[in-house]
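Shown next, in structure tokens, is the structure this report addresses.
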Amino acid sequence: MSKLTGSKKATQFTESVIREMTRLNHLYGGVNLSQGFPDFAAPAAIKEAACTAINEDVNQYAVTWGARPLREAVAREFTRRYGLPVAADEQVTVCCGSTEAMMATMMGIIDPGDEVVIFEPFYENYGPDAILSGATPRYVTLHEPDWTFDPDELAAAFNDRTKAIIINTPNNPTGKVFTREELETIAALCRKWDAIAISDEIYEHIIYDGRQHIPIATIDGMADRTITMNGLSKTYSVTGWRVGWTISPPSLTGAIRKVHDFLTVGAAAPLQEAGAIALGLPDTYYTDLAEAYRRRRDTLLEILERHHFTCYKPYGAYYIMTDISAFGFPNDIEFARYLVKDVGVAAVPGSSFYKNAATGATKLRFCFCKRDETLREADRRMAKLVAATVH
Ligand code: GLN
């Protein structure tokens, strides 16, 4: 057999459907409500900070695990918000986005055969992250409409081989915000089975209707067994900067830093300087951000419901999961292709968030991190969808 092939690992997963939808959208000139990135400006103060850093020649490698001002800002803000002490030197590692933070974490802590519990629907990166790190994923379903999990089903997913559980709150793609009670249930299992909680909190500040973000690291007994990850992308509308980080117990930091160093050496040095400025923005920045997203959420909910989508209202993050059964298409992929090609709106097929494609075949995810006029244009285009398919 020819050796001119990809590795077994690389052939076990497909390219990202989310990123593919963005490419299809370019091809057909659609309105892109698929890949979650803002189409509006980042805050002027942080753009200026980045330009200043470049002009002042912060243009060489930062310390591999992250420039001190950013690491200190990450530690300071986490402690200020949640009351948990964080040591910048021993616990914070800056990575190239939280995507790399997750990969460096998984590769840093997983041995072949270790199991990792993943809630489903899941952000699609977690699947390939598990394969590349050698983990065996164990999926636990979040059930619509509230995206709750069955505590018995979760308990059954843990065993001696369970090394970690991945939590994403506020959640992509469902908009679920995990409650304290749910986090307590997860924490009890982590303590019982000596497992690590890997908590992706990238949508920390994008949260609605009085819901509270609770980092699982703040639950009793969890600070020593939680790796929290976050980044600049969503909070400061700079998804292309690729600056993220982990906060880990000191006992796990070395493993993450070694993997990170050999994967990437480090994140862009001048953008780390700007990140330190970003984290110092006043609290009103975060309340304004959440309020602006709440308005966009309500706008897109109204549009989608008017066009016959069944919507699951999100309480955090910037996506709406919908049910598309009413349109009578055979599956989500065919509907998503029709929507981008013939209607001119890109969204993400639900199956890309599930282990078994069939479970997501009636679902489609839209993002609303877009200007009002972008959402209005999607509305105009979807008029065609109704005329073509709903009788
Ligand atoms: N998190 C965003 C999404 O789910 C974008 C992720 C990415 O493409 N890196 O759409």
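Taking a ≥ b ≥ c as the square roots of the eigenvalues of the Cα gyration tensor of the range 1-113, is the shape rounded (a/c under 1.5), prolate (a/b larger than b/c) or oblate? Since a/c reaches 1.5 but b/c is at least a/b, the shape of the range 1-113 is classed as oblate.
Judged by the mean number of other Cβ atoms found within 10 Å, the most tightly packed of the peptides 371-384, 63-76, 177-190 leads the ranking 63-76, 177-190, 371-384.
Dividing the mean sequence gap of close Cα pairs (under 8 Å, 6+ apart) by how many residues the range 28-168 holds gives a relative contact order of 17 percent. According to the square roots a ≥ b ≥ c of the eigenvalues of the Cα gyration tensor, what is the shape class of the range 292-391, taking rounded for a/c under 1.5, prolate for a/b larger than b/c otherwise, and oblate for the remainder? Cα axes put the range 292-391 in the oblate bin.
Pairs of alpha-carbon atoms within less than 8 angstrom and 6+ residues apart define the contacts here; what relative contact order does the range 218-367 have, in percent? Don't jump to the answer; show the numbers that get you there.
Values: 155 pairs, mean separation 20.4, N = 150.
Relative contact order for the range 218-367 comes out at 14 percent.
Of the solvent-accessible surface of the range 255-391, computed with a 1.4 Å probe and all protein chains present, 54% belongs to carbon and sulfur. Sequence-ordered 3J(HN,Hα) estimates for the range 234-246 from the Karplus curve with 6.51, -1.76 and 1.60 and θ = phi - 60° stand at 7, 5, 10, 6, 9, 5, x, 6, 6, 10, x, 7, 10 Hz, glycine and proline given as x.
Proximity of backbone amide H atoms, modeled 1.01 Å from N, is registered between ILE167 and ILE198, SER199, ASP200 at under 5 Å, excluding neighbours fewer than 5 places apart on the same chain. Computed over protein heavy atoms with a 1.4 Å probe, the carbon and sulfur contribution to the accessible area of the range 24-173 reaches 54%.
Roughly how many debye, to the nearest 20, is the charge dipole of the chain about its Cα centre, given +1 on each Lys and Arg Cβ, -1 on each Asp and Glu Cβ, and no other charges? List each step's numbers first, then the result.
Working: 41 positive and 49 negative charges, 169 e Å.
About 820 debye.
What does the C-alpha gyration tensor say about the overall shape of the range 32-180? Classify as rounded when a/c is under 1.5, otherwise prolate if a/b is larger than b/c, or oblate. Judged from the Cα gyration tensor, the range 32-180 comes out prolate (a/c at least 1.5, a/b above b/c).
The alpha-carbon of LYS9 sits under 23 angstrom from the alpha-carbons of these lysines, leaving out residues fewer than 8 places away in its chain: LYS163, LYS258, LYS355. For ASN32, the residues whose amide H sits under 5 Å from its own are ALA346, ignoring neighbours fewer than 5 places away on the same chain, with H placed 1.01 Å from N. For VAL140, the residues 5 or more places off, or on other chains, whose built amide H falls under 5 Å of its own are ILE118, PHE119, GLU120.
So what is the accessible area of the range 148-284 per residue, in Å², with the probe set to 1.4 Å? Before the final figure, lay out each step's value.
Working: 4860 Å² over 137 residues.
In whole numbers, the range 148-284 has 35 Å² accessible per residue.
Normalised by the residues of the range 91-140, what does the relative contact order come to in percent, with Cα pairs under 8 Å and at least six apart? Please report the intermediate quantities before stating the final value.
Details: 52 pairs, mean separation 20.5, N = 50.
It rounds to 41 percent for the range 91-140.
Counting only DSSP beta bridges with both residues in the chain, the antiparallel share comes to about 50 percent. When only the Cβ of Lys, Arg, Asp and Glu is charged (+1, +1, -1, -1), the dipole of the range 241-303 relative to its Cα centre reaches about 240 debye. Whole-Hz Karplus values for the range 323-330 come out as 10, 10, 3, 4, 8, x, 7, x Hz, taken residue by residue from phi with 6.51 cos²θ - 1.76 cosθ + 1.60 and θ = phi - 60°; glycine and proline positions read x.
Ranking THR79, ALA62, VAL92 by how far each Cα lies toward the positive end of the dipole of the range 1-134 (charges on Cβ) leaves ALA62 at the top.
Couplings for the range 52-59, taken from phi via the Karplus curve 6.51 cos²θ - 1.76 cosθ + 1.60 with θ = phi - 60°, read 4, 4, 5, 5, 8, 6, 8, 10 Hz in order; Gly and Pro are left as x.
Using +1 on the beta carbon of Lys and Arg, -1 on that of Asp and Glu, and nothing else charged, what's the dipole of the range 283-391 about the Cα centre, debye to 20? Can you show the working numbers first?
Numbers: 17 positive and 14 negative charges, 45 e Å.
It comes to approximately 220 debye.
In the full protein context, the range 1-51 carries 63 Å² of accessible surface per residue, based on a 1.4 Å probe and ignoring ligands, DNA and RNA.
The values are calculated or read from the model by the stated rules, or taken from the named source; none is laboratory data. Here the structure is a predicted model, which is why all the values come from computation and not from measurement. Note that we place each Cβ from the backbone using ideal geometry, even for glycine, and neighbour counts take in every protein chain shown. Quick note on the areas: whole protein, heavy atoms, side chains included, nothing else; ligands and nucleic acids left out. Shrake-Rupley method; radii C 1.70, N 1.55, O 1.52, S 1.80 Å.
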